[in-house]
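J.: Sharing a structure with you now.
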Amino acid sequence: MKIGLLGFGTVGTGVLEIIGTRNQVFKELYKEPVEITKILVKDKGKKRDIEGIDGLLTTNAYEILDDPTIDVIVEVIGGVAEAYEYIKYALEKGKHVVTANKAVVALHMKELLQLAAEKQKSFLFEASVGGGIPLLKPLRQTTVLNDFSEIKGILNGTSNFILTKMTEDDLSFNEALGIAQEMGYAEADPSDDIHGTDIARKLAILSSIAFKNDISLNNVKYRGIEKINKEDISILKELGYTVKLLGKAVVKNQQVSALVEPVLFKNTTQFEKVNNAYNMVSVKGNNLQELRFYGEGAGKLATANAVVCDLLDVLTKSYEKDFIIRESQRKLTGVSLILGKYFIRINSENADQIKKVEGFIYDKGINYSRLIDKDFAIITEVVSAIEMEEIAKEFDEMNLDFFYGRIEKE
Ligand code: NAP
Ligand code: HSE
């Protein structure tokens, strides 16, 4: 099997490393050597730690995509426009494609899977969700036997790493982000990690598979961890809660809601124990009840491991041509199916402003309990995420410095 590797950063170098160390095993098991014959990079002159690869590097993608000796393209350059163009071109040329690129998959999954099916080739993307966790393959298998009603997960290593370091080591947001970038967890543009976009993409992919629908990034509402400060973390710690960025999708009466937002887990839950770049995903199905997946959600070798698992499926031809079952036409309903008690914190010295806030919440008929006297920090009764969106919109219009998170039961 000859591989053209597009991208030689965190994930690409991991793929080369794993293939290099396991090649003897591949030969013994599958009677076929696995070889990376060309590598696409942006900057050929960049200093790289790996020796003996200079002859493989190119900055011209089509030198790889048009090479008839190459059977499989591994796309790990990231971004959308060029990655999508190269993946599509490779499939059209009759090559198998393996990618870790959730940005492309969350937007173009249906089209690319159909193209792969037409060409009788594989389009596999295990590494796009949950890093090293074997997740999509078992999920799509169990989808044949189960109706899933809920899927939720801590699905972004970088934001979870930042929250863990702010909570446990008292680091600032930027200090923790800097370390996550050094570790290779963050996206090229880390705002995707921080603002919830990355989880929204992963939730779109997971819920498309689990709910047998076509759910794209545009169907998922999301917000991130940008408004959380150290004070929120310490108030919540005293109350026995930890903040996590969670993606959750729910099905009820043929309707689907998908939302990414900060949530509070009690410190007695398993989700609360998911720290650093680890991810955890829970799915609820009629046969399985609840199934949980846990593992490293980002990083060089964990992610590369998932990419190489897909390559083994190509090698052994154990992939399905179009693995999403599209049997239901559920309606996407915004966030109306997501309910919970919300923690709200507002920083304001202005007593009139706080009075206005109290009046606004009272007028909406929402009861709450006040947590501390100094600042305005409350926990509401159970409300829908839609009601909470309306409240947040009003606070934004009042230019308030505030944070809110839903209390998530395990
Ligand atoms: P990265 O470290 O930034 O590496 C990107 C590589 O692609 C670099 O080698 C870069 O070349 C090359 N590249 C970028 N744009 C290019 C272009 N337009 N033309 C040619 N080459 C280009 O990225 P990464 O962390 O490995 O992530 C790659 C993909 O995997 C992304 O889609 C990401 O979302 C996904 N992913 C990453 C992780 C993770 O933990 N890092 C986990 C799961 C999924 P140079 O080396 O010359 O700069
Ligand atoms: N930036 C992503 C994360 C990489 O931190 O989870 C893994 O998809």
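The values are calculated or read from the model by the stated rules, or taken from the named source; none is laboratory data. What you see is a predicted model; the values in this text were computed from it and never measured. Positions of Cβ are generated from backbone atoms using ideal geometry, with glycine treated the same way; all protein chains shown enter the neighbour counts. Each accessible area value is taken on the protein alone, full model and side chains, heavy atoms only, with ligands, DNA and RNA left out. Shrake-Rupley method; radii C 1.70, N 1.55, O 1.52, S 1.80 Å.
J.: Among residues belonging to region 1-32 that are polar (S, T, N, Q) and surrounded by 15 or more Cβ atoms within 10 Å (Cβ to Cβ), point out the one that is nearest to ligand 1 (Cβ to nearest atom).
T.: Among them, the one singled out is 10.
J.: OK, next. Hey, could you check region 155-171 for residues that are closer than 23 Å to residue 204 by Cβ and not hydrophobic (A, V, I, L, M, F, W, C) and say which is nearest to ligand 1 (Cβ to nearest atom)?
T.: Across region 155-171, the extreme among qualifying residues is 157.
J.: To continue, here is another question. State the number of residues belonging to region 171-181 that are open to solvent by less than 10 Å² (accessible area, probe 1.4 Å) and more than 11 Å from ligand 2 (Cβ to nearest atom).
T.: Here the count works out to 1.
J.: Ok, one more. Among the residues of region 289-307, are any of a type in the set (Asp, Glu) and part of a loop (DSSP other than H, G, I, E, B)?
T.: no
J.: Mind checking whether some residue in region 207-226 is within 13 Å of ligand 1 (Cβ to nearest atom) and in contact with a helix residue (DSSP H, G or I) (Cβ under 8 Å, 6 or more places away or on another chain)?
T.: The answer is no, given that none of the residues of region 207-226 is within 13 Å of ligand 1 (Cβ to nearest atom) and in contact with a helix residue (DSSP H, G or I) (Cβ under 8 Å, 6 or more places away or on another chain).
J.: Taking the options 41, 25, 11, name whichever one is hydrophobic (A, V, I, L, M, F, W, C) and within 16 Å of ligand 2 (Cβ to nearest atom).
T.: Residue meeting the stated conditions: 11.
J.: For region 319-348, give me each residue that is part of a loop (DSSP other than H, G, I, E, B), on the phi < 0 side of the Ramachandran plot and either at pLDDT 75 or above or in contact with a Cys (Cβ under 7 Å, 6 or more places away or on another chain) (or both).
T.: Within region 319-348, 319, 330, 333, 335, 336, 337, 338, 348 qualify.
J.: Please count how many residues of region 108-138 are within 16 Å of ligand 2 (Cβ to nearest atom) and either assigned to a loop (DSSP other than H, G, I, E, B) or modelled with pLDDT under 95 (or both).
T.: Matching residues across region 108-138 total 9.
J.: Counting just the residues of region 33-51 that are charged (D, E, K, R) and within 8 Å of ligand 1 (Cβ to nearest atom), which one comes out surrounded by the most Cβ atoms within 10 Å (Cβ to Cβ)?
T.: Per the criteria, the residue is 48.
J.: Scan region 362-385 for residues that are open to solvent by 60 Å² or more (accessible area, probe 1.4 Å) and within 30 Å of the chain's Cα centre (by Cα) and jot them down.
T.: Within region 362-385, 381, 382 meet the criteria.
J.: So, one more: If you scan region 67-87, which residues turn out to be over 13 Å from residue 37 (Cα atoms), open to solvent by 60 Å² or more (accessible area, probe 1.4 Å) and free of Cβ contacts under 8 Å to residues at least 40 places away in the same chain?
T.: Hits for region 67-87 are 81, 82, 85.
J.: While we're on this one: Of all residues in region 172-204, count the ones that are within 15 Å of ligand 1 (Cβ to nearest atom), assigned to a helix (DSSP H, G or I) and acidic (Asp, Glu).
T.: Total meeting the criteria: 4.
J.: Looking at region 140-170 only, could you name the residues that are closer than 21 Å to residue 290 by Cβ, within 16 Å of ligand 2 (Cβ to nearest atom) and assigned to a loop (DSSP other than H, G, I, E, B)?
T.: 155 - this is the single residue of region 140-170 that is closer than 21 Å to residue 290 by Cβ, within 16 Å of ligand 2 (Cβ to nearest atom) and assigned to a loop (DSSP other than H, G, I, E, B).
J.: Then there's this: Quickly run through region 258-290 and pick out the residues that are open to solvent by 10 Å² or more (accessible area, probe 1.4 Å) and out of contact with any helix residue (DSSP H, G or I) (no Cβ under 9 Å at 6 or more places or on another chain).
T.: Those that are open to solvent by 10 Å² or more (accessible area, probe 1.4 Å) and out of contact with any helix residue (DSSP H, G or I) (no Cβ under 9 Å at 6 or more places or on another chain): 268, 269, 270, 272, 273, 284, 286, 289, 290.
J.: May I ask you to verify whether residue 51 is on the phi < 0 side of the Ramachandran plot, over 29 Å from the mean Cα position of the chain (by Cα), in contact (Cβ under 8 Å) with a residue 24 or more places away in the chain and not in a helix (DSSP H, G or I)?
T.: No: the conditions fail for residue 51.
J.: Restricting attention to region 128-141, and to residues there that are open to solvent by 10 Å² or more (accessible area, probe 1.4 Å) and in contact with a helix residue (DSSP H, G or I) (Cβ under 9 Å, 6 or more places away or on another chain), which single residue is nearest to ligand 1 (Cβ to nearest atom)?
T.: Filtering first and then ranking leaves 132.
J.: Kindly check whether there is at least one residue in region 75-92 that is away from ligand 2 (no atom under 16 Å from the Cβ), within 18 Å of residue 15 (Cβ to Cβ) and not β-branched (Val, Ile, Thr).
T.: Within region 75-92 (the criterion being away from ligand 2 (no atom under 16 Å from the Cβ), within 18 Å of residue 15 (Cβ to Cβ) and not β-branched (Val, Ile, Thr)), the answer is yes, since at least one residue qualifies.
J.: May I pose another question? Report yes if some residue within region 294-307 is more than 16 Å from ligand 2 (Cβ to nearest atom), over 15 Å from the mean Cα position of the chain (by Cα) and not polar (S, T, N, Q); otherwise report no.
T.: Scanning region 294-307 turns up no residue that is more than 16 Å from ligand 2 (Cβ to nearest atom), over 15 Å from the mean Cα position of the chain (by Cα) and not polar (S, T, N, Q).
J.: Would you tally the residues in region 89-107 being within 15 Å of ligand 1 (Cβ to nearest atom), more than 23 Å from residue 219 (Cα to Cα) and in a helix (DSSP H, G or I)?
T.: So the count comes out to 2.
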